[in-house]
1. Can you confirm whether the stretch 60-69 contains a residue that is within 15 Å of residue 105 (Cα to Cα) and either part of a helix (DSSP H, G or I) or modelled with pLDDT under 90 (or both)?
2. Answer yes or no as to whether residue 43 is part of a helix (DSSP H, G or I), over 30 Å from residue 192 (Cβ atoms) and modelled with pLDDT of 75 or more.
3. Please go through the stretch 135-147 and pick out each residue that is assigned to a helix (DSSP H, G or I) and under 16 Å from residue 74 (Cβ atoms).
4. Only one of 85, 80 is in contact (Cβ under 8 Å) with a residue 24 or more places away in the chain and over 18 Å from residue 151 (Cβ atoms); which?
């Protein structure tokens with residue numbers, strides 16, 4: 001009887017140990033999955049931030065060129081001072097919004113403020129270019145031609161950087177919403193998707209106002 005009791009106790013101990021071992025293995029696997037998923041979230045988030053850094057560089061270059069554009073235009077468009085001043089104001093607002101977004105590109109509010117400021121700048125530039133059609137001497141100015149070329153190259157760079165950034169944000173969002181990541185993402189600091197850099201009129205960023213248009217006609 002005693003031996004049977006001992007054997008039963010040993011069996012129970014072995015079964016308990018096996019259960020604990022199985023649970024431990026499952027726990028380690030779960031921890032490894034969470035750890036791997038978290039590290040990928042961090043990596044994809046950093047890639048998106050770095051992608052916005054490229055946008056930051058190109059936009060700063062664009063903002064640096066706009067005062068030069070206005071300085072040349074003022075010599076020929078003296079009667080359009082209101083439009084030219086509106087371009088400078090929009091440029092300054094966009095520059096400030098960019099600085100806010102660059103600090104934390106994952107901040108949806110900051111990114112949307114930047115998008116809105118960029119759309120305003122695009123609109124004011126478009127109005128200026130339309131008015132410039134009536135000033136043939138401006139269209140023939142060599143300094144303006146040089147600025148046109150630099151702006152066109154910069155705008156192409158912005159479009160490429162935006163596409164890369166949106167791809168990186170999309171990769172982050174897909175991973176964040178995938179199983180099992182979505183189960184714990186909010187618990188490790190990634191509660192929401194990141195915003196894509198999109199404009200109300202997508203053509204505004206894909207085909208930014210081309211300074212060259214005022215010289216080609």
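The values are calculated or read from the model by the stated rules, or taken from the named source; none is laboratory data. Keep in mind that this is a model prediction, so the values were computed, not measured. Note: ideal-geometry Cβ built from the backbone for every residue, glycine included; neighbour counts use all protein chains shown.
1. No, that holds for no residue.
2. no
3. Within the stretch 135-147, 137, 138, 139, 143, 144, 147 qualify.
4. 80
Okay, residues lined up against (1) crowded, with 18+ Cβ neighbours inside 10 Å; (2) touching a helix residue (DSSP H, G or I) at 6+ places or on another chain (Cβ under 8 Å):
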{"residue": "92", "(1), (2)": "no, no"}
{"residue": "96", "(1), (2)": "no, yes"}
{"residue": "99", "(1), (2)": "no, no"}
{"residue": "114", "(1), (2)": "yes, yes"}
{"residue": "126", "(1), (2)": "no, no"}
{"residue": "134", "(1), (2)": "no, no"}
{"residue": "145", "(1), (2)": "no, yes"}
{"residue": "150", "(1), (2)": "no, yes"}
